1. Out of the residues in segment 13-37 meeting the condition of being among the basic types (Lys, Arg) and touching a residue at least 40 places away in the same chain (Cβ under 8 Å), tell me which one is surrounded by the most Cβ atoms within 10 Å (Cβ to Cβ).
2. So, in segment 184-205, of the ones that are assigned to a loop (DSSP other than H, G, I, E, B) and in contact (Cβ under 8 Å) with a residue 40 or more places away in the chain, which residue ends up nearest to the chain's Cα centre (by Cα)?
3. Of these, 165, 144, 135, which one is closer than 17 Å to residue 198 by Cβ and surrounded by fewer than 20 Cβ atoms within 10 Å (Cβ to Cβ)?
4. For segment 55-73, state whether one or more residues are in a loop (DSSP other than H, G, I, E, B) and surrounded by 22 or more Cβ atoms within 10 Å (Cβ to Cβ).
5. Do we have residue 175 as surrounded by 14 or more Cβ atoms within 10 Å (Cβ to Cβ) and farther than 21 Å from residue 115 by Cβ here?
6. Which of the following residues is away from the ligand (no atom under 12 Å from the Cβ) and out of contact with any strand residue (DSSP E or B) (no Cβ under 8 Å at 6 or more places or on another chain): 31, 18?
7. What residue, among those in segment 181-218 that are within 14 Å of the ligand (Cβ to nearest atom) and at pLDDT below 95, is nearest to residue 7 (Cα to Cα)?
8. Only one residue in 227, 183 is farther than 27 Å from residue 98 by Cβ and in contact with a helix residue (DSSP H, G or I) (Cβ under 9 Å, 6 or more places away or on another chain). Which one?
Amino acid sequence: MSIAGVVPAAGRGERLGPGEPKALRLLAGRPLLVYAVRALSVAQLIDIIVVAAPPDRVPAVRALLCAADLGARASAEVHVVSGGMTRQLSVRAALDHVPDEVDAVLVHDAARPLAPSELVDAVARAVRGGLPAVVPGLPVSDTVKRVGADGVVTDTVDRATLRAVQTPQGFRRDVLYAAHQRAAEQSGGPPVTDDAGLVERLGVPVHVIPGSEEAFKVTTPLDVTFAEALLAVRRGADVC
Ligand code: C5P
């Protein structure tokens, strides 16, 4: 089975404050995107990677990834295309570039730079094993409440039934393409913030496998501090 990795990396990252697009912000001297692509390229089961870059940065991102150290075992080809106005459009732009022979696709946010390559392979193995859609998820440790527009709590959600879902998310190619096709035809409704959300609308079962605390999303300046601390621990342990 041939598996592609798709990396939406075209977001501005406004919650990180003013500066470069989020995927190009530095973590211990290297752009977030380099870590995210490296996680896919070091994984054993990914054959090709397509990055959706900020539209005004496509040549720069291509040059960056050509020059980057993507791991000694890296064997996946890396392609860079122009991303879109939303995450969904960026994923779609990258999917349009995935070669016909690919059977499955893993979508991995550039904003989750430290996802371990073992997690990438676990998702890829689950899809290769026959599941149509697979997401990594972690139990939720906070108590979660639904709140009305007036700021008053309406109810408390049973957290035992909740999972905080991460990327990479893996899909059979035909399932992911059908989900994006349907989404493009039916705009409107509440925003869908991940690809599994689009697949759920098709009625296709989405399976959850154990996620990784290291696959957290870099959204705020505090997340950058956490990520740099984790990198320091990994470097101390000689793992990058
Ligand atoms: O904004 P958020 O952190 O949810 O973005 C998740 C991922 O989607 C990021 O890697 C970001 O670069 C990507 N994205 C994109 N195109 C957009 C908006 C977000 O590729 N227009």
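1. Once the filter is applied, the top-ranked residue is 22.
2. 194
3. 165
4. no
5. When the stated conditions are applied, residue 175 passes them.
6. Residue meeting the stated conditions: 18.
7. Filtering first and then ranking leaves 193.
8. That would be 227, the only listed residue that is farther than 27 Å from residue 98 by Cβ and in contact with a helix residue (DSSP H, G or I) (Cβ under 9 Å, 6 or more places away or on another chain).
The values are calculated or read from the model by the stated rules, or taken from the named source; none is laboratory data. Quantities reported herein were computed from a predicted structural model and do not represent experimental measurements. Cβ atoms come from the backbone with ideal geometry, glycine included; neighbour counts cover every protein chain shown.
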